[in-house]
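Here's the structure we're looking at; comments come further down.
The values are calculated or read from the model by the stated rules, or taken from the named source; none is laboratory data. What you are looking at is a predicted structure, and each value in this text was computed from that prediction instead of being measured. All Cβ positions, glycine included, derive from the backbone under ideal geometry; neighbour counts span all protein chains shown. Remember, those area values only see protein heavy atoms, side chains included, never the ligands or the DNA or RNA. Shrake-Rupley method; radii C 1.70, N 1.55, O 1.52, S 1.80 Å.
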Amino acid sequence: MSEEDCRVLRSRRLHSKPLVAPENDDLIRRPDGDRSLRTMSNGFMDLEHVINRKMELKRKAEVLKSELMKEVDIHFNEFVNNFIEETTALETSSAANCYTGNAEKDGHKVRTLKSAPDHGKIFVSRRSLLDELFEVNHFRTIYHMFIALLILFILSTVVVDCIDQGRLVLEFDLLSYAFGKFSIVFSTWICMFLSTLIIPYVLLSMWAQGYKTSSYRTIRSAFYGSLYMIFQMLGLGFCPAYIVLQHDLPPASRFIVILEQVRMIMKVHSFIRENIPRVLSFAKEKSSTTVAPVPQVTQYLYFLFVPTLIYRDNYPRNPSIRWGYVATKFAQVLGCLFYAYYVFVRLCIPLFRNIRQEPFSLRVLVLCIFNSILPGVLILFLAFFAFLHCWLNAFAEMLRFADRMFYKDWWNSTSFANYYRTWNVVVHDWLYYYAYRDFLWFFGRRFKAAAMLSVFMVSAVVHEYALGICFGFFYPVMFILFAGFGMIFNFILHDRRKGPIWNVIMWTSLFLGQGVLLCLYSQEWYAHRHCSLHNPTLLDYLKPRSWTCHVDE
């Protein structure tokens with residue numbers, strides 16, 4: 001309402017007499033939108049219409065506010081994206097100018113640098129998404145809910161121990177067993193690290209130093225390439241797996257060795273893959289210098305520890321280290337470890353200890369899968385938070401590595417294609433640049449479906465290899481789910497699927513898949529522990545033992 005209408009309303013409340021101006025003149029003086037404010041026969045304003053009018057104006061203001069915030073959010077995102085692109089373009093152009101200037105001083109012929117998308121992944125300074133979300137109280141509350149659930153797990157364990165044992169039992173026998181034989185794990189890791197640091201760097205340096213002046217470049221490349229492949233297959237491939245199986249390491253210790261084995265293989269491949277084009281380009285230049293552009297050993301050493309699988313000579317760095325942040329992240333990793341311990345103790349072990357007493361049947365399998373969904377999802381969340389957020393951020397902070405985009409908002413995915421891209425950005429970048437794009441470069445861009453299929457197969461084989469070695473048996477559940485259902489869902493639930501219903505479908509499939517994995521692998525684990533075979537044949541190793549194992553107690 002206008003100021004004049006407000007004064008008229010107050011005047012009517014104070015003086016119980018009609019307005020001097022007739023009603024028709026009052027309607028003429030008011031705007032069209034205010035003509036709904038009627039007067040009664042005694043001269044009072046109809047307060048019900050006033051309130052309705054105010055509520056209508058309030059609703060319009062809320063709608064305008066919502067639309068305005070959407071527009072501001074869209075323009076802000078566009079501004080930030082353009083700013084990042086311009087910044088990276090300036091960095092690339094400045095690097096090109098420096099390289100061009102140095103080459104012109106030496107009288108070399110300078111090659112034009114490739115554009116940013118062809119050049120590969122560009123690292124920029126950015127925080128992890130959860131660090132930003134936890135600054136909002138609503139998201140911080142979800143973190144507090146998981147802490148409260150951990151407290152309830154601890155209390156339930158303490159209460160059960162006091163009732164069953166009559167005393168407080170603080171023995172973490174499951175953790176001590178899972179991480180047993182740590183001296184063998186540490187010595188194996190040291191050998192893997194030293195060989196990864198020395199052998200690939202020496203092979204690259206020796207091949208690069210004499211490549212430009214060599215008259216037999218093809219033979220030279222084949223010789224050093226063969227040595228490199230032998231090291232990858234035997235030094236990093238066969239030897240760690242042999243040590244794990246020979247010494248019969250417990251499952252968590254096996255995971256440490258095998259995951260480090262896979263990580264170092266991927267790191268070495270990235271280092272060699274990124275530096276070979278540099279040496280080949282240098283050999284084509286007409287210059288008097290014969291010193292090949294091989295990175296310094298300190299750059300390679302930094303790359304072996306930095307939380308990325310894409311090699312660069314330099315990365316964006318933070319100015320300082322927040323040691324309190326590092327301590328917090330390692331404490332959260334330790335908390336997740338104990339969280340997983342209580343999930344297994346309270347939810348998994350009682351379930352599977354009873355299941356092994358029943359013959360394998362469809363009823364037992366279905367009940368097992370649905371009872372395994374909750375612990376499977378909790379373990380999924382714990383693995384994501386402990387490794388992809390806490391562990392990688394702790395090492396990034398200690399190394400002042402500024403690009404913290406180890407994952408994206410995978411929980412908002414409406415398609416499995418987007419989930420695969422955003423769940424683990426570190427591994428996805430390696431697969432995209434060194435498996436998918438190299439496949440297209442070699443065979444042509446017409447084979448995109450074949451390239452995607454090859455990436456799925458490589459990822460599925462590596463996942464199944466890690467689980468098979470760590471659990472000590474062959475049971476290709478992960479391979480079937482990943483290479484089978486995962487690839488089918490990737491083409492069915494593609495990026496054109498939008499809307500909340502597709503996010504619900506994605507989460508339902510993910511929950512069900514976690515239940516299947518936890519149920520089947522746990523059943524097979526107990527079957528191998530309690531139903532050992534004498535003189536097993538090859539078929540016995542390939543056939544799941546949980547299908548025939550039955551223990552009466």
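Residue by residue, here is whether (1) surrounded by fewer than 18 Cβ atoms within 10 Å (Cβ to Cβ); (2) assigned to a helix (DSSP H, G or I); (3) in contact with a Lys or Arg (Cβ under 8 Å, 6 or more places away or on another chain) holds:
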site	(1), (2), (3)
386	no, yes, no
390	no, yes, yes
394	no, yes, yes
407	no, no, no
420	no, yes, no
429	no, yes, yes
Where in region 481-553 are there helices (runs of 4 or more DSSP H), lying wholly inside it, with at least 1 residues that are open to solvent by less than 80 Å² (accessible area, probe 1.4 Å), farther than 19 Å from residue 421 by Cα and not aromatic (Phe, Trp, Tyr)? 500-530, 538-542
Does residue 311 satisfy being buried (at least 18 other Cβ atoms within 10 Å of the Cβ), at pLDDT 90 or above and in a helix (DSSP H, G or I)? no
Scan region 372-381 and give yes if some residue there is under 27 Å from residue 488 (Cβ atoms), open to solvent by less than 20 Å² (accessible area, probe 1.4 Å) and among the hydroxyl-bearing types (Ser, Thr, Tyr), otherwise no. yes
Determine, yes or no, whether residue 228 is out of contact with any His (no Cβ under 6 Å at 6 or more places or on another chain) and either open to solvent by 70 Å² or more (accessible area, probe 1.4 Å) or modelled with pLDDT of 90 or more (or both). yes
From 378, 382, grab the single residue that is closer than 27 Å to residue 486 by Cβ, under 15 Å from the mean Cα position of the chain (by Cα) and either part of a helix (DSSP H, G or I) or not charged (D, E, K, R) (or both). 382
Looking only at residues in region 294-308 that are within 26 Å of residue 217 (Cα to Cα) and without any contact (Cβ under 8 Å) to a residue 40 or more places away in the chain, which one is surrounded by the fewest Cβ atoms within 10 Å (Cβ to Cβ)? 296
Unmet requirement for residue 172, which otherwise passes all of (1) at pLDDT 85 or above; (2) closer than 28 Å to residue 326 by Cβ: (1)
Residue count, region 315-330, condition in a loop (DSSP other than H, G, I, E, B) and under 17 Å from residue 390 (Cβ atoms), comes to 2
What residue, of 157, 141, is at negative phi and at pLDDT 85 or above? 141
Quick check, is residue 460 of a type in the set (Gly, Ala, Ser) and over 23 Å from the mean Cα position of the chain (by Cα)? no
How many residues are modelled with pLDDT of 85 or more and either of a type in the set (D, E, K, R) or exposed (fewer than 15 other Cβ atoms within 10 Å of the Cβ) (or both) when one looks only at region 268-293? 5
Residues that are free of Cβ contacts under 8 Å to residues at least 60 places away in the same chain, touching a Leu at 6+ places or on another chain (Cβ under 9 Å) and either farther than 24 Å from residue 529 by Cα or open to solvent by 50 Å² or more (accessible area, probe 1.4 Å) (or both), drawn from region 456-478: 458, 459, 460
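Looking only at region 98-113, filter to residues that are in a loop (DSSP other than H, G, I, E, B) and surrounded by 12 or more Cβ atoms within 10 Å (Cβ to Cβ); which one of those is modelled with the highest pLDDT?
Looking at residues that are in a loop (DSSP other than H, G, I, E, B) and surrounded by 12 or more Cβ atoms within 10 Å (Cβ to Cβ), I get 108.
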Is region 177-196 home to any residue that is small (Gly, Ala, Ser), under 33 Å from the mean Cα position of the chain (by Cα), under 27 Å from residue 338 (Cα atoms) and open to solvent by 70 Å² or more (accessible area, probe 1.4 Å)? yes
Within region 320-347, considering residues that are in contact with a Pro (Cβ under 9 Å, 6 or more places away or on another chain) and among the aliphatic types (A, V, I, L, M), the one farthest from residue 523 (Cα to Cα): 343
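Mind checking which residues of region 131-146 are touching a residue at least 60 places away in the same chain (Cβ under 8 Å) and either open to solvent by 70 Å² or more (accessible area, probe 1.4 Å) or touching a Phe, Trp or Tyr at 6+ places or on another chain (Cβ under 8 Å) (or both)?
Once the filter is applied, which keeps residues that are touching a residue at least 60 places away in the same chain (Cβ under 8 Å) and either open to solvent by 70 Å² or more (accessible area, probe 1.4 Å) or touching a Phe, Trp or Tyr at 6+ places or on another chain (Cβ under 8 Å) (or both), region 131-146 yields only 146.
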